[in-house]
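The values are calculated or read from the model by the stated rules, or taken from the named source; none is laboratory data. Values in this document were obtained by computation on a predicted structure and should not be read as measured data. Don't worry about glycine lacking a Cβ; one is built from the backbone with ideal geometry, like all the others, and counts go over all protein chains shown. Accessible surface is based on the protein model in full, side chains and every heavy atom, while ligands, DNA and RNA are left aside. Shrake-Rupley method; radii C 1.70, N 1.55, O 1.52, S 1.80 Å.
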Amino acid sequence: MVPNAPFHAQDDYQCGPAALATVLNHLGDPVSPDEIARTLHRPDFRGTLNLELALYPRPRGFASRFFAGTLDDLIRAVDEGRIQVVMVNYGFRQAAANHFMAVTGYGPDGIVVNDGYTQAARIAWDDFYATWEAADRWTLAVAPEPPQTTDKPEP
């Protein structure tokens, strides 16, 4: 388990802001899900676009990247004390029902997530992987931006 992982209950169709606030709060940024939602929520899509979710941390001083993750990526992140956002699909390819969650732990029986409804919800590995795979294993990693160096080469 990632120690001291914050939990944010989500409002309707605001799972992305709740999951991202979990990550950013854990990294020391006190932003609220409501503040993120005011910027990113798309009523016409009834949610948040994954690209906008991935870009949101950058002007706040964080590096972010999204990628097709692996279970090993999630396990390594938890082992290193990092929370990652994942997108799962509870629908079908033609009728997607995407949902963002913050991965906060794992165990022999499955993965542990803050899913916007439940803190430290446990999902069996097979069930999690099937829904994550249906969303192309979309994963968002956020980290503090490394400080800029102003080193100049010596003459």
Dipole magnitude of the chain about its Cα centre, charges +1 at Lys/Arg Cβ and -1 at Asp/Glu Cβ only, in debye to the nearest 20? 260
Options PRO6, PRO59, ALA19, ranked by Cα towards positive dipole end of the chain, top entry (Cβ charges): PRO59
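Relative contact order (percent) for the chain, with alpha-carbon contacts under 8 angstrom and 6 or more residues of separation?
Numbers: 281 pairs, mean separation 41.7, N = 155.
Dividing the mean separation by the residue count of the chain yields 27 percent.
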How much net charge surrounds ALA102 when only the other residues with a Cβ under 12 Å from the Cβ of ALA102 are counted, with Lys and Arg +1 and Asp and Glu -1? 0
Of every hundred units of 1.4 Å-probe accessible area on the stretch 14-144, the number belonging to carbon and sulfur atoms, as a percent, is 53
Computed E for ALA97/LEU71 - FRET, C-beta separation, R0 25 angstrom, nearest 0.05: 0.70
For the charge dipole of the stretch 16-149, defined by +1 on Lys and Arg C-beta atoms and -1 on Asp and Glu C-beta atoms about the Cα centroid, which residue among ALA143, GLY110, THR131 has the Cα displaced farthest towards the positive pole? ALA143
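Give me the extension gain from VAL31 to MET1: residue separation times 0.36 nm, minus the current Cα-Cα distance, reported in nm with one decimal. Don't skip to the end; give the middle numbers.
Details: separation 30, 0.36 × 30 = 10.80 nm, distance 2.24 nm.
Gain in length upon complete extension: 8.6 nm.
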If I model a spin label as a point 7 Å beyond the Cα along the Cα-Cβ vector, how far apart are those points for TRP125 and ALA63 in nm? 3.0
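Provide the per residue accessible area, probe 1.4 Å, for the stretch 41-82, rounded to a whole number of square angstrom. Spell out each step's value before the answer.
Values: 2500 Å² over 42 residues.
That works out to 60 Å² for each residue.
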Specify which labelled value, from (i) 38, 18, 12; (ii) 26, 19, 15; (iii) 22, 18, 16, agrees with semi-axes √(5λ) of the Cα gyration tensor in Å derived from the coordinates of the model shown. (ii)
